[in-house]
Each structure stands twice: as structure tokens, then as C-alpha cells.
Amino acid sequence: MVDVDGTPLRFTPHDFRRTTETVNGGLPIHLAAKLLGHLDLGTTQAYVAVYPEEVIRHYRQFVDQRRTHRPSEEYHEPSDTEW
């Protein structure tokens, strides 16, 4: 990647530490974890103060999107116990 003047952009890990706004703005938590190099979503949750309800919401959004591309019989709505 290059800047508008053609200078190569150089990123450091610190550049990616402010992920709270992006996750709360809709970036799926697993993508934020990948960007930050985290192997465990719990680590990412600690950085971005994501609570389980938000993880569930992002997961459901992902599943809803996938359902538009796959037959409905491949999916079932998780019960409260499964959640």
C-alpha cells in the first residue's frame, strides 16, 4: 500500500490497537482478532471490550448473510441452551 504521494505505507502493530470503534461499528470480532494476531477471541474481547452479546450478534449477522447463499434446510435456529 502506498500513500497518496506514492510513499510506501508502513504499519506497526500499534496502528491496529484501536479496534473498539471498528468492532462496535460492525467489523466481525474474528476479523479483528486476525488483524491483531490474536489466537483467542477472548484476547480480542479484552482489547475491544466486547461482551458475549455482541459476539452473538455478530455471529447471527454472519449466519443470516450465509443463509442467503445456502439452502435453508442446512441451518437451524439455535436454542437458548445452545447459546
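The values are calculated or read from the model by the stated rules, or taken from the named source; none is laboratory data. Everything quoted here is computed from the prediction, not taken from an experiment. For the accessible areas, the whole protein counts, side chains as well, though only heavy atoms, and no ligand, DNA or RNA atoms are used. Shrake-Rupley method; radii C 1.70, N 1.55, O 1.52, S 1.80 Å.
Counting only heavy atoms of the protein chains, get the accessible area per residue of the chain (1.4 Å probe) and round it to a whole Å² value.
80
Once neighbouring chains are kept in place and the probe is 1.4 Å, which whole percent of the accessible area of the chain is contributed by carbon and sulfur? Can you show the working numbers first?
Numbers: 3760 of 6670 Å².
In the chain, the share of accessible area belonging to carbon and sulfur is 56 percent.
Ranked by accessible surface with a 1.4 Å probe, highest first, in what order do 23, 2, 55 come? If you can, show how the numbers build up before the last one.
Details: 23 0, 2 95, 55 40 Å².
Order by accessible area, largest first: 2, 55, 23.
How big is the shadow of the Cα convex hull of the chain, averaged over all directions, in nm²? Spell out each step's value before the answer.
Details: hull surface 31.2 nm².
Spelled out: convex hull of the Cα atoms, projected over all directions, averaged, 7.8 nm².
Please work out how much length the chain gains when fully extended from residue 80 to residue 30, using 0.36 nm per residue of separation minus the C-alpha to C-alpha distance, in nm with one decimal.
15.8 nm
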